[in-house]
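This report refers to the structure that appears directly beneath it.
The values are calculated or read from the model by the stated rules, or taken from the named source; none is laboratory data. Everything numeric in this text was worked out from a predicted model, so none of it was measured. Reconstructed Cβ throughout: ideal geometry from the backbone, glycine too, with neighbour counts over all protein chains shown.
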Amino acid sequence: MKTTKIKIRIKRIIYTVVSLILILGLLITVFPKNAVRATMAIEGAPFSAALKCNPKYSQSNSKAFKATIYTIPLKYSFTDMNGFKVSMFDVRSYLWVFHIAYPTQPEF
């Protein structure tokens, strides 16, 4: 009897933690600037840089790439796995509410 109660409690705790993480992840991506910050943290930028940076919408780059481009200051840019400095993000909207930022680089 005790082991089944313990198993049920453990399952509830696990489901609660997973649900909270998913909800927090969705709430973080509601605003485009927060989506850029979350992507920076996931991609390997220092966490303090991800929190301190202020991503800005770049109208000129958005017209050139025909996408929604946000840029971060060069002092907060970071090197991705391929060795490129990342300071531009292509932000895409899903369900008109949630945003995901993809690191992008201009092609020369």
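Check segment 48-61 and report whether any residue there is in a strand (DSSP E or B), closer than 24 Å to Trp96 by Cβ and without any contact (Cβ under 8 Å) to a residue 60 or more places away in the chain.
Yes, because at least one residue in segment 48-61 is in a strand (DSSP E or B), closer than 24 Å to Trp96 by Cβ and without any contact (Cβ under 8 Å) to a residue 60 or more places away in the chain.
Which members of segment 1-30 meet the condition of being in contact (Cβ under 8 Å) with a residue 24 or more places away in the chain and surrounded by 13 or more Cβ atoms within 10 Å (Cβ to Cβ)? Can you show your working first?
Residues of segment 1-30 that are in contact (Cβ under 8 Å) with a residue 24 or more places away in the chain, as a first pass: 26, 29-30.
Listed by number, the list holds a single entry, Thr29.
Exactly one of (1) in contact (Cβ under 8 Å) with a residue 24 or more places away in the chain; (2) surrounded by fewer than 16 Cβ atoms within 10 Å (Cβ to Cβ); (3) farther than 17 Å from Ile28 by Cα; (4) of a type in the set (Ser, Thr, Tyr) is unmet by Tyr102. Its number?
Status for Tyr102: all satisfied but (3).
Of everything in segment 42-66 that's more than 21 Å from Ile28 (Cβ to Cβ) and surrounded by 13 or more Cβ atoms within 10 Å (Cβ to Cβ), which residue is modelled with the lowest pLDDT?
Result: Phe65.
Within segment 72-100, track down each residue that is touching a Pro at 6+ places or on another chain (Cβ under 7 Å), in a strand (DSSP E or B) and under 15 Å from Ser58 (Cβ atoms).
Residues satisfying the conditions are Val86, Phe89, Val91.
Hey, among Ala45, Ala35, which residue is under 17 Å from Ile100 (Cβ atoms), part of a loop (DSSP other than H, G, I, E, B), under 16 Å from the mean Cα position of the chain (by Cα) and small (Gly, Ala, Ser)?
It is Ala45.
Let me confirm something: among Met81, Met88, which residue is surrounded by 10 or more Cβ atoms within 10 Å (Cβ to Cβ) and within 12 Å of Pro103 (Cα to Cα)?
Unique residue meeting the criteria: Met88.
Confirm whether Thr71 is out of contact with any Cys (no Cβ under 6 Å at 6 or more places or on another chain), surrounded by 13 or more Cβ atoms within 10 Å (Cβ to Cβ) and free of Cβ contacts under 8 Å to residues at least 24 places away in the same chain.
In short, yes.
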